[in-house]
1. Select the chain B residue whose beta carbon lies nearest to the rotation axis carrying chain B onto chain A, and write the distance in whole Å.
2. To one decimal in nm, how far is A:THR116 from the same spot in the other copies, if labels go 7 Å from Cα toward Cβ? Please give the shortest first.
3. Which of the peptides B:93-104, A:121-132 is most tightly packed, and how do the rest follow, judged by the mean count of other Cβ atoms within 10 Å per residue?
4. With the label 7 angstrom out along Cα to Cβ, how close does A:ASP137 come to the same site in each of the other copies, in nm, nearest first?
5. For the range B:206-285, count the residues as N, evaluate 2.2 N^0.38 Å, and divide the Cα radius of gyration by that value, please.
6. Let me know the mean shielding of B:152-164 by other chains, meaning the per-residue number of their Cβ atoms within 10 Å of its Cβ.
7. In the range B:190-216, which residues have a backbone nitrogen under 11 Å from the label point lying 7 Å from B:LYS184's Cα in the Cα-to-Cβ direction?
8. Over 10 Å intervals from 0, what percent of Cα-Cα pairs in the range B:137-206 sits in each interval?
Number of protein chains: 2
Amino acid sequence: MMLRSIQFLGSCSGFFFHRLKLHGNHHGLSLISISSKPSSRTPLLTTSRTHRCFHQFRASSVRSESNPDATSSSSSSSPAFRSAGATRKINFCQSCGGPTKHEIPDGEERERAICTLCGKIAYENPKMVVGCLIEHDNSILLCKRKIHPSYGLWTLPAGYMEIGESATEGAIRETWEEAGAKVKIISPFVQLDIPLIGQTYIIFLAKLMTPHFSPGPESSECRLFALDDIPYESLSFSSMLVTLKLYIEDIKVGKPRFHYGIINKRPGTSPSEIHAYTLDYHMRS
Amino acid sequence: MMLRSIQFLGSCSGFFFHRLKLHGNHHGLSLISISSKPSSRTPLLTTSRTHRCFHQFRASSVRSESNPDATSSSSSSSPAFRSAGATRKINFCQSCGGPTKHEIPDGEERERAICTLCGKIAYENPKMVVGCLIEHDNSILLCKRKIHPSYGLWTLPAGYMEIGESATEGAIRETWEEAGAKVKIISPFVQLDIPLIGQTYIIFLAKLMTPHFSPGPESSECRLFALDDIPYESLSFSSMLVTLKLYIEDIKVGKPRFHYGIINKRPGTSPSEIHAYTLDYHMRS
């Protein structure tokens with residue numbers, strides 16, 4: 001959705017916009033590590049009650065990523081927001097318009113925005129980004145982004161899942177909107193959680209129903225890439241890099257399987273540094 | 001979260017609460033059909049642009065389900081809400097407090113709540129419910145709900161995924177909160193989308209790290225059920241019924257695989273009629 005991306009940029013602080021600027025310091029795949037167990041950087045995977053304070057720390061650093069459809073409601077990246085928690089951006093009640101306070105409600109353990117007039121609690125939850133990895137004649141269909149962030153970089157067609165649709169429906173819709181391609185879903189391929197930004201990527205394997213595709217309003221070009229020619233240095237997001245790497249690994253040893261993993265971005269790196277992450281808790285099904 | 005469920009009930013119309021009351025008209029598994037292709041009731045899976053009007057129809061019927069953690073923000077079920085779309089419940093801007101209008105923004109295709117003062121669009125997206133199917137000595141751990149809705153019925157431990165955590169972290173947390181059990185995730189098992197209510201269930205296979213469990217504040221009892229003794233007539237939600245059925249089918253023929261499916265509730269049935277659904281677009285990985 002072009003409008004959403006434009007709004008997203010409009011609401012960014014100068015600081016954040018600067019961090020989203022494209023630059024060329026990609027480092028190949030040297031920073032990637034894939035483990036089947038949680039790393040020391042993911043203590044959330046313990047089950048003791050002591051992890052909850054860390055939950056709150058993590059929640060406080062939630063911000064928008066360089067996502068195709070990042071919304072203005074999740075794009076604030078001001079220092080105040082990052083230090084005070086995700087709920088701080090909720091100043092008023094959507095229901096009655098009353099001002100909110102930011103406290104841990106009785107019986108809960110996380111800070112929420114609570115309406116001081118009607119008492120309603122504004123819950124926020126992670127969003128699903130759904131998309132397709134389209135196989136065609138030993139090639140993969142990618143779209144070159146014509147919108148910020150990641151303008152000019154390559155991505156799988158993907159975007160936010162909407163209320164009232166399923167993940168497959170959303171993936172098919174986004175593929176039509178971004179690549180003008182009619183696809184048939186083959187199988188679920190990967191779920192990638194990115195806790196830092198409150199997003200979960202769900203990507204399906206798909207095939208073209210007709211051999212036609214053309215760039216939609218958000219894409220300047222759509223192209224089939226042979227598996228040896230995937231432009232790893234010009235991909236838009238870590239999630240796309242991980243998805244394509246897992247796919248290539250599967251193809252080399254047989255057929256694709258379903259994968260689950262957590263993408264933990266390296267602290268201090270910008271969203272545009274797509275190689276600066278670890279893939280933790282990776283499981284194949 | 002008990003508070004969330006209490007609030008959910010508090011905000012329900014009398015009509016909706018009546019529909020959530022427990023009754024005994026379960027019909028075994030006779031209403032379940034499993035297909036590998038979308039049924040005629042899921043035209044969203046076409047890729048033509050003509051499906052979009054149906055998207056909007058579907059979105060307009062979104063309401064809260066009989067979900068363990070249903071929030072007050074998604075629980076409105078008044079006739080006005082159901083006829084006017086999900087965004088109608090957003091009356092004010094969370095950012096500036098300005099009143100909203102409900103229109104299709106330029107460049108988009110869905111009605112959104114747009115602030116008449118600052119122009120911010122309030123996006124709403126489906127929520128993820130994450131949980132664990134815990135295997136232990138050829139038995140499955142279930143929790144008897146001590147909260148409404150579905151009070152007194154059995155469920156897998158599950159709840160809304162929170163900002164700042166991964167799906168596995170959320171599933172482990174919910175299992176600890178509801179069943180007092182420390183678990184280790186084995187593999188992803190199922191993703192079940194329920195478009196009508198804007199929810200996606202993501203359930204992992206897990207095992208007990210210690211043989212201890214005890215009911216949390218939301219459960220009156222936790223019990224291991226042998227696979228032949230699963231209380232299908234006393235389960236809480238369609239998502240739990242589907243998950244357990246798929247698991248039993250997998251166990252009979254080998255080991256569990258990953259499943260994806262869309263649960264479409266039969267029109268006119270209440271959330272408590274957990275057998276009144278079709279499982280569409282079912283895929284194994």
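1. B:PHE258, 2
2. Once sorted, the set of distances for A:THR116 reads 2.4 nm.
3. Working: B:93-104: 17.0, A:121-132: 24.8.
Result, highest mean Cβ count within 10 Å first: A:121-132, B:93-104.
4. 6.0
5. On the way: Rg = 14.8 Å, N = 80, 2.2 N^0.38 = 11.6 Å.
For the range B:206-285, the normalised Cα radius of gyration is 1.27.
6. On the way: counts 0, 0, 0, 0, 0, 0, 0, 0, 3, 7, 12, 19, 19.
The mean count of partner-chain Cβ atoms within 10 Å per residue comes to 5.
7. It comes to B:207-210, nothing else.
8. 18, 50, 30, 1
Bear in mind these aren't lab numbers, they're just calculated from the coordinates by the rules spelled out. All values reported here derive from a predicted model rather than from experimental measurement. Positions of Cβ are backbone-derived with ideal geometry, glycine not excepted, and every protein chain shown enters the neighbour counts.
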